[in-house]
1. Name the residue that is farthest from residue 73 (Cα to Cα), counting only residues in the range 1-31 that are part of a helix (DSSP H, G or I) and of a type in the set (S, T, N, Q).
2. Taking residue 61 as the residue in question, decide whether it is over 19 Å from residue 164 (Cβ atoms) and of a type in the set (Val, Ile, Thr).
3. Condition test on residue 85, is it touching a helix residue (DSSP H, G or I) at 6+ places or on another chain (Cβ under 9 Å) and in a helix (DSSP H, G or I)?
4. Does residue 34 count as in a loop (DSSP other than H, G, I, E, B) and either open to solvent by 30 Å² or more (accessible area, probe 1.4 Å) or in contact with a helix residue (DSSP H, G or I) (Cβ under 9 Å, 6 or more places away or on another chain) (or both)?
5. Could you run through the range 146-183 and say how many residues are in contact with a helix residue (DSSP H, G or I) (Cβ under 8 Å, 6 or more places away or on another chain) and either assigned to a helix (DSSP H, G or I) or open to solvent by less than 40 Å² (accessible area, probe 1.4 Å) (or both)?
6. Among the numbered conditions (1) free of Cβ contacts under 8 Å to residues at least 60 places away in the same chain; (2) open to solvent by 20 Å² or more (accessible area, probe 1.4 Å); (3) in a helix (DSSP H, G or I); (4) not small (Gly, Ala, Ser), tell me where residue 56 comes up short.
7. Does the range 115-130 contain at least one residue that is among the acidic types (Asp, Glu), surrounded by 18 or more Cβ atoms within 10 Å (Cβ to Cβ) and over 12 Å from the mean Cα position of the chain (by Cα)?
8. Quick one: which residue in 4, 19 is at negative phi, surrounded by fewer than 16 Cβ atoms within 10 Å (Cβ to Cβ) and out of contact with any Lys or Arg (no Cβ under 8 Å at 6 or more places or on another chain)?
Amino acid sequence: MKNGWRRAAAEISGAALLGIVLGALAKYLDTVPSNGSLINEVLHWFADLFTRLGIWVFLAVLLAAFCRTPRRAAARVFAFFAGMLIAYYVYSMHLFGFFPMRYFLFWGVLALTSPACAVIVWLGRHHEKLAWVLPALPVGLMLELAVSAGWGYVSVHHPAELVMAAALCAVFYRSPKQLACVLALSIAAVPVIGAVMPFAF
């Protein structure tokens, strides 16, 4: 029993530490000057990646999907987002002396809702029947972030998120039929997710 609690505490602490490190890194990358060098171009690519929602959702899904219990998944993901928020906005205050309340509130709401989302992810990977439906939510979100579509055209504007969508399909994969069902539901979910998204990413 004690070993279980210790393992859970270590996982939650590790998730919080990962959030702190990545939150601080994301803010640091915003400060890297653009001078045309190859290294700076790579850093600016990562800076752009970390300003978008996709990478944070992707990491949170990985944290939740590979937990042993749904409660642990909820705790890990909340700790991750809490650590990221604290590090990012404390660093912002230190660098620039102002507090971007609008974005903080958005990410704060995301952090507060993240435990419920983590449970959905966990069930989507571990529950035999729900694995045919629930993975469509994170995969659909990633597709909405990656692709624009309309009558007669499809445009991939964020290839990284498309790669993440494919990786999430691998995370949730059970069988070819299950994957086909998840992809169909994911595509159907894209316009709904786009309609309720509060910000454009």
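The values are calculated or read from the model by the stated rules, or taken from the named source; none is laboratory data. Computed from a prediction, not measured in an experiment: that's the story for all the values here. Glycine gets a Cβ as well: all are built from the backbone with ideal geometry, and neighbour counts include every protein chain shown. Heads up: the accessible areas ignore ligands, DNA and RNA and are worked out on the full protein's heavy atoms, side chains in. Shrake-Rupley method; radii C 1.70, N 1.55, O 1.52, S 1.80 Å.
1. Within the range 1-31, the first condition is being part of a helix (DSSP H, G or I), and the residues that meet it are 2-29.
Now narrow it down to the ones that are of a type in the set (S, T, N, Q): 3, 13.
Numbers: 3: 18, 13: 13 Å.
Here the answer is 3.
2. Values: over 19 Å from residue 164 (Cβ atoms): no; of a type in the set (Val, Ile, Thr): yes.
Against the criterion (over 19 Å from residue 164 (Cβ atoms) and of a type in the set (Val, Ile, Thr)), residue 61 does not qualify.
3. On the way: touching a helix residue (DSSP H, G or I) at 6+ places or on another chain (Cβ under 9 Å): yes; in a helix (DSSP H, G or I): yes.
For residue 85, the condition - touching a helix residue (DSSP H, G or I) at 6+ places or on another chain (Cβ under 9 Å) and in a helix (DSSP H, G or I) - is met.
4. Numbers: in a loop (DSSP other than H, G, I, E, B): yes; either open to solvent by 30 Å² or more (accessible area, probe 1.4 Å) or in contact with a helix residue (DSSP H, G or I) (Cβ under 9 Å, 6 or more places away or on another chain) (or both): yes.
Spelling it out, residue 34 is indeed in a loop (DSSP other than H, G, I, E, B) and either open to solvent by 30 Å² or more (accessible area, probe 1.4 Å) or in contact with a helix residue (DSSP H, G or I) (Cβ under 9 Å, 6 or more places away or on another chain) (or both).
5. So in the range 146-183, the residues in contact with a helix residue (DSSP H, G or I) (Cβ under 8 Å, 6 or more places away or on another chain) come out as 146-147, 149, 156-162, 164-165, 167-169, 171-174, 178-179, 181-183.
From the residues that got through so far, the ones that are either assigned to a helix (DSSP H, G or I) or open to solvent by less than 40 Å² (accessible area, probe 1.4 Å) (or both) too are 146-147, 158-162, 164-165, 167-169, 171-172, 178-179, 181-183.
Of the residues in that region, 19 qualify.
6. (2)
7. Of the residues in the range 115-130, the ones among the acidic types (Asp, Glu) are 128.
Checking the rest, the ones that are also surrounded by 18 or more Cβ atoms within 10 Å (Cβ to Cβ) come to none.
No - not one qualifying residue is present in the range 115-130.
8. Working: 19 fails: surrounded by fewer than 16 Cβ atoms within 10 Å (Cβ to Cβ).
When all the criteria are applied, what remains is 4.
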